[in-house]
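A.B. asks: One structure coming up, written as structure tokens, with questions to follow.
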Amino acid sequence: MNAKIIDFYSWQLPLYYSTPVAEHNTVRKSAGLFDTSHMGEIQIEGKDAENLLQLLLIRDISKMKPGQMRLAVMCNLQGCILDDLTVYKFSEEKFWVVVNGSQYEKDFSWIQENARHFDVKVSGLRSETAKLDLQGPRAELILQGLAEENLSEIKYYQFKELRVSGIPCVVSRSGYTGEDGFELYFSGEKATGLWNALLKAGKQDVLLPCGLAARDTLRLEAGMLLYGADIDEKHSLLQSPYKKLINWEKQFLGKEELEKQRSRGTGQNLVGFELAEKGIARQGHHILNNSQEIGVVTSGSFSPTLKKSIGLGYIGSEFSEPGKGFEVDIRGKKVKAKVVETPFYKR
Amino acid sequence: MASPSDKKYSKEHEWCKIEGDIAVVGITDYAQKSLTDVVFIELPKVGQKVERCKPMCSVESVKSVSDVFAPVSGEIVEVNTKIEEKPEMLNKDPYNSWIAKIKLSNKDELNELMDSKQYDAFVEDEEKKD
């Protein structure tokens with residue numbers, strides 16, 4: 001297969017196979033297949049599995065049922081974001097957290113370190129686990145042809161263990177594109193086999209293999225954050241939209257510091273914006289108000305679906321209300337922009 | 001794709017077609033493929049002086065911004081405003097989507113450009129590096 005390959009945190013990943021926009025549009029209209037094996041699966045097993053996760057995660061997971069998943073965040077003791085992740089509950093004593101590929105080793109150490117006083121076993125599953133994301137309105141139709149169970153029974157943010165093309169998989173209805181779709185976890189040895197089987201099954205329904213470039217523009221349109229760009233260990237959780245996930249009623253790592261920040265205020269917030277003029281705001285571009293720097297762009301792209309330039313950035317809280325105008329310094333040119341609600345695109 | 005034989009080519013992957021003392025300039029198929037989907041082009045200005053191998057304007061794709069280098073020195077005498085409205089034409093039909101016309105200031109520079117056969121061989125080498 002012909003693809004443009006790039007280095008992503010030491011992983012050789014495809015940037016695109018055909019073109020980023022062709023892949024992007026195909027995911028919105030029919031379906032796309034992404035190799036996301038770089039993502040990190042960490043298993044937490046044992047009597048205290050839930051207790052440990054309650055300590056690590058900012059949101060309450062005590063009401064989760066087996067077969068459900070949740071989006072969650074881990075903070076450090078400074079209240080900054082260690083990683084955003086998804087939690088899968090297999091049983092009362094077995095969970096997975098799926099973390100960003102780039103943060104896997106750090107997250108694993110953090111979890112293991114904090115697990116010392118808990119009755120749990122923490123295992124890193126990434127080296128033996130492959131992951132494929134099948135995304136788009138036709139994802140269910142395509143996957144159903146290969147799946148042994150009725151996929152319509154898996155609702156959004158639920159998962160099941162089932163065979164796909166004869167291969168045992170964990171299949172969740174979820175993804176990073178803003179479309180309907182599935183994430184499949186299975187034995188790494190079967191990766192090529194399942195990749196080819198899915199592409200073949202999707203041929204009639206216009207399924208395209210997709211790379212990181214389309215993954216990035218799709219997630220941005222859907223208002224989903226990218227770790228290392230939009231969120232990181234330098235920014236407080238309270239500055240990001242993830243603050244809505246916090247459960248203040250329970251104890252969790254970072255809470256003490258976040259409570260202080262909450263009463264003090266955080267200065268800048270991460271917001272969505274769109275450009276009113278031609279150009280593309282890119283990561284690192286300065287956000288200005290009357291030539292005064294008031295923030296910085298963390299993600300930006302031309303949106304193939306909305307046909308305008310969109311982005312995310314940190315901006316002074318007095319400017320972060322939807323509708324507020326500002327300028328982005330794009331290589332010396334001041335381009336008008338305004339704060340808008342995210343997601344930019346909803347299916 | 002073999003490049004058209006009626007044009008000359010630069011190492012920076014621009015083509016130019018010589019019409020008297022005017023060079024009609026665009027980007028090659030290899031250039032558009034490396035750029036991927038072009039969403040904006042910032043055209044040069046009529047009257048602007050350009051220098052061979054120096055940036056004359058920029059194109060922006062979903063992933064990046066890139067300079068377009070002048071394949072010859074001279075003065076911009078006309079720009080293709082249709083390309084500004086439909087920048088995707090640079091991807092769809094690069095050899096029929098001219099960007100600007102340059103009035104040559106030094107005809108000797110044309111000897112520095114490659115013909116289509118030389119350029120195809122050059123691209124083959126570049127692709128091996130990818």
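None of the figures in this text is laboratory data; all of them are computed from the coordinates on show. What you see is a predicted model, and the numbers here were worked out from it, not measured in a lab. Note: ideal-geometry Cβ built from the backbone for every residue, glycine included; neighbour counts use all protein chains shown.
A.B. asks: State, to one decimal in nm², a quarter of the convex hull surface area for the C-alpha atoms of the range A:267-340, i.e. the direction-averaged projected area. Show your work: numbers first, answer last.
C.D. replies: Details: hull surface 16.8 nm².
Mean shadow area of the hull around the Cα atoms is 4.2 nm².
A.B. asks: What list of ³J(HN,Hα) couplings, whole Hz, do you get for the range A:12-24 from phi and the Karplus terms 6.51, -1.76, 1.60, once you set θ to phi - 60° and write x for glycine and proline?
C.D. replies: Per-residue couplings from phi come out as 7, 10, x, 7, 6, 9, 9, 9, x, 6, 4, 5, 4 Hz.
A.B. asks: To continue, here is another question. Which FRET efficiency value, to the nearest 0.05, is calculated for A:LYS203 and A:GLN12 with the Förster distance at 30 angstrom and r the Cβ-Cβ distance? Intermediate results must be reported in sequence, preceding the final value.
C.D. replies: Details: r = 26 Å, r/R0 = 0.86.
Approximately 0.70, to the nearest 0.05.
A.B. asks: So how compact is the protein assembly as shown: Cα radius of gyration and Dmax in angstrom?
C.D. replies: 25.4, 84
A.B. asks: Right, next: For chain A, modelled as a Gaussian network with Cα springs under 10 Å, which listed residue fluctuates most, A:ILE287, A:ILE167, A:ILE315?
C.D. replies: Result: A:ILE167 has the largest fluctuation of those listed.
A.B. asks: Magnitude of the Cβ-charge dipole of the range A:112-248, K/R +1 and D/E -1, about the Cα centre, nearest 20 debye? Can you show the working numbers first?
C.D. replies: Values: 17 positive and 19 negative charges, 10 e Å.
With only Lys, Arg, Asp and Glu charged at Cβ, the dipole is about 40 debye.
A.B. asks: A further question on this structure: Let me know the charge dipole size of chain A about its Cα centre in debye, to the nearest 20, where only the beta-carbon of Lys, Arg (+1) and Asp, Glu (-1) is charged.
C.D. replies: Numbers: 45 positive and 45 negative charges, 199 e Å.
In debye, rounded to 20, chain A gives about 960.
A.B. asks: If you keep only loop residues by DSSP, which GluC sites (Glu not before Pro) in the range A:115-151 have at most 14 other Cβ atoms within 10 Å of their Cβ? Mind dumping the intermediate values first?
C.D. replies: Values: sites: A:GLU128, A:GLU140, A:GLU148, A:GLU149; in loops: A:GLU148, A:GLU149.
Hits after loop and neighbour filter: A:GLU148, A:GLU149.
A.B. asks: Using a cut-off of 16 Å between alpha-carbon atoms, which aspartates and glutamates can reach B:LYS17, once sequence neighbours fewer than 8 places away in the same chain are excluded?
C.D. replies: Leaving aside aspartates and glutamates fewer than 8 places away in the same chain, those within reach of B:LYS17 are B:ASP6, B:ASP29, B:GLU75, B:GLU78, B:ASP93, B:ASP108, B:GLU109, B:GLU112, B:ASP115.
A.B. asks: Right, another one. Restricting to lysine pairs 8 or more places apart or on different chains, what number in the range B:32-130 have Cα atoms under 13 Å apart?
C.D. replies: Numbers: B:LYS33/B:LYS63; B:LYS33/B:LYS92; B:LYS45/B:LYS101; B:LYS49/B:LYS101; B:LYS49/B:LYS103.
Eligible lysine pairs with Cα atoms under 13 Å apart amount to 5.
A.B. asks: Which lysines have a Cα lying under 16 Å from the Cα of A:LYS131, excluding residues fewer than 8 positions away in the same chain?
C.D. replies: A:LYS160, A:LYS190
A.B. asks: Could you tell me the relative contact order of chain A? Use alpha-carbon pairs under 8 Å, at least six residues apart, and round to a whole percent. All intermediate terms of the calculation are to be shown ahead of the outcome.
C.D. replies: Numbers: 800 pairs, mean separation 64.3, N = 347.
Computed over chain A, the figure is 19 percent.
A.B. asks: Right, here's the next one. Can you work out the base-10 log of I(q)/I(0) for the range A:1-266 at q = 0.08, 0.10 1/Å, using the Debye formula on its C-alpha atoms alone?
C.D. replies: -0.32, -0.50
A.B. asks: Report the percentage of all Cα-Cα pairs in chain B whose separation exceeds 26 Å, rounded to a whole percent.
C.D. replies: Details: 1159 of 8385 pairs.
The answer is 14 percent, as a whole percent.
A.B. asks: For the residue pair A:LYS336 and B:ILE22, what label-to-label distance in nm results when each label sits 7 Å from Cα along the Cα-to-beta-carbon direction?
C.D. replies: Between A:LYS336 and B:ILE22, the label points sit 3.6 nm apart.
A.B. asks: Considering only B:VAL72, B:VAL46, B:VAL62, give the residue with the highest GNM mean-square fluctuation for chain B, with springs between Cα atoms whenever their separation is below 10 Å.
C.D. replies: Result for chain B, Cα springs under 10 Å: B:VAL62 fluctuates most.
A.B. asks: Only loop residues by DSSP count here, and only those with at most 12 other Cβ atoms within 10 Å; note down the chymotrypsin sites (Phe, Trp or Tyr not before Pro) in the range A:141-198 that meet that. Working shown, then result.
C.D. replies: Numbers: sites: A:TYR156, A:TYR157, A:PHE159, A:TYR176, A:PHE182, A:TYR185, A:PHE186, A:TRP195; in loops: A:TYR156, A:TYR157, A:TYR176.
Those that pass, being in a loop and sparsely packed, are A:TYR156.
A.B. asks: Enumerate by residue number the GluC sites (Glu not before Pro) in the range A:185-279 meeting two conditions: DSSP loop (anything except H, G, I, E, B), and at most 16 other Cβ atoms within 10 Å of the site's Cβ. Can you show the working numbers first?
C.D. replies: Values: sites: A:GLU189, A:GLU221, A:GLU233, A:GLU249, A:GLU256, A:GLU257, A:GLU259, A:GLU274, A:GLU277; in loops: A:GLU233, A:GLU249, A:GLU277.
The qualifying sites are A:GLU233, A:GLU249, A:GLU277.
A.B. asks: Report, as a whole number in µm² per second, the diffusion coefficient that Stokes-Einstein gives for the range B:26-103 at 25 °C and 0.890 mPa s using the Kirkwood radius over alpha carbon pairs.
C.D. replies: Estimated via Stokes-Einstein, D reaches 200 µm²/s.
A.B. asks: Continuing with the same structure: Find which of A:SER62, A:MET74, A:LEU218 sits farthest along the positive direction of the dipole of the range A:1-266, computed with +1 on the beta-carbon of Lys and Arg, -1 on that of Asp and Glu, about the Cα centre.
C.D. replies: It is A:LEU218, whose Cα lies furthest towards the positive end.
A.B. asks: Principal axis extents for the range A:1-121, Cα atoms only, whole Å, descending order, please.
C.D. replies: 49, 29, 25
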